[in-house]
1. ³J(HN,Hα) across the stretch 103-112 via Karplus (A = 6.51, B = -1.76, C = 1.60, θ = phi - 60°), whole Hz, x for Gly/Pro?
2. Quick one: putting +1 on the C-beta of Lys and Arg, -1 on the C-beta of Asp and Glu, what dipole do you get for the chain around its Cα centre, in Debye to the nearest 20?
3. At 7 Å along the Cα-to-beta-carbon direction for both Asp31 and Ala6, put a label point, then send me their distance in nm to one decimal.
4. Could you work out the mean projected area of the convex hull around the alpha carbons of the chain, in square nanometres to one decimal?
5. Determine the relative contact order of the chain: mean sequence separation of Cα pairs under 8 Å and six or more apart, normalised by residue count, in whole percent.
6. Any chance you could give the angle, 0 to 90 degrees and rounded to 10, that helix 3-19 forms with the longest Cα principal axis of the chain?
7. Round to the nearest 10 and give me the degree value, 0 to 90, for the angle of helix 47-64's Cα axis relative to the longest principal axis of the chain.
Amino acid sequence: MSEQEAAERQERLRALREEQHVVFRNYVPVDQRLKQNRSEPAAPADVQATADELAKRALEALAADSKEDASSLLKGKRANWDLKRDIESKRVILEERTELAYEQLATRSSQS
């Protein structure tokens, strides 16, 4: 590496260091230089207003479409879809074995 390349690399690294700006939201730094980078803590979300809005929308949807029941609006559509996906291959094998067993039973009973 030539001296010119080294000098260019050092200049790029110096520029990167100057660009870095750390912002502290919840941490209170001890160093005075870092205290300048402190921002106001994030305000907590208003959970009650969000829940009220969701309930209001659910009731409006229920009133608009009386065929749908309220429980389908409040609960998930398919809570165990991943379980069904995981056991699908085993279910197919068992279904085939069950059909084979029914055929064997039918054959035995017709031969007797």
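Here, each number is a calculation from the coordinates, and none is a lab measurement. The structure displayed is predicted, hence computed values, not measured ones. Please note: Cβ atoms are built from the backbone with ideal geometry, for glycine as well, and neighbour counts cover all protein chains shown.
1. Running phi through 6.51 cos²θ - 1.76 cosθ + 1.60 with θ = phi - 60° gives 5, 5, 5, 5, 5, 4, 6, 6, 7, 7 Hz.
2. 320
3. Placing both labels 7 Å along Cα→Cβ, they lie 2.7 nm apart.
4. Its Cα hull, projected and averaged over all orientations, spans 22.0 nm².
5. Here the relative contact order equals 11 percent.
6. That works out to roughly 70 degrees.
7. Computed tilt is about 40 degrees.
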